[in-house]
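Asker: One structure, as structure tokens, below. Some questions next.
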Amino acid sequence: MRTSLVVAGGLALVSVLAAPASSQCVSLGTPGQNGCGLDPTSVPSISCAGSPNVGNAAFQVVGGTPCVFAGSILLVGLCASPPVPVTGPFGTNAFCNPGPAGCTAYVDLNVVAVLLGIPTPAGVAFPLPVPNDPSILGAKVCAQEVITCALFVGVCIAVTNGISITIEP
């Protein structure tokens, strides 16, 4: 009897850890894009693939590409508090649609790492292996993808939503 309880409890634990807990990966805001010529009709969101648990070498952030000729980077760093509108040489949201889906930076741009993505059939994967170091429990970072689309009328810039990632056991 005791063995079946341990096995059942172990299976329950494995099923809980198989998908990221909502408190570990929290979506922040909405994607935004600029208003040039043939801009993308929609900007993809980013999300966690796997759980950001200590020692999970396979953890990654996944995103998409809104156009065929695209390049993307992932910004990872401290979370901006509060989030700030993207600004440019012509004022607030000069690079992105100033509407409700305008560009907002959820990553503190003063303390940031830039990662290149790996193209996949479904979009872009950004590996973020979590070290097997218990001292990072509870650490929190934010991530956000920036996409440039090369079009025959110019270059469009899109910014995904942000995600807040908390490292758990």
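The values are calculated or read from the model by the stated rules, or taken from the named source; none is laboratory data. Note that the structure is a prediction, hence the values are computed from the model and not measured. Counting neighbours? That spans all protein chains shown, and the Cβs are built from the backbone with ideal geometry, glycine included.
Asker: Since Asn97 meets every condition but one in (1) modelled with pLDDT of 75 or more; (2) in a loop (DSSP other than H, G, I, E, B), which condition does it not meet?
Answerer: So Asn97 meets the others, but not (1).
Asker: Continuing with this model, one more query. Write out, first by first residue and then by second, each pair whose Cβ atoms fall under 6 Å of each other, whose residues are 6+ apart or on separate chains, and whose first residue, in the range 119-135, is within 19 Å of Ser72 (Cβ to Cβ) while the second is exposed (fewer than 14 other Cβ atoms within 10 Å of the Cβ).
Answerer: Ala125/Ile118
Asker: Moving to a separate point now. In the range 111-150, which residue that is among the small types (Gly, Ala, Ser), touching a Gly at 6+ places or on another chain (Cβ under 9 Å) and modelled with pLDDT of 90 or more is surrounded by the most Cβ atoms within 10 Å (Cβ to Cβ)?
Answerer: Step by step, filter the range 111-150, then rank; the result is Ala143.
Asker: I want to confirm something. Restricting to the range 44-58 and keeping residues that are in a loop (DSSP other than H, G, I, E, B) and under 12 Å from the mean Cα position of the chain (by Cα), which single residue is nearest to Leu115 (Cα to Cα)?
Answerer: Applying the filter and picking the extreme gives Ile46.
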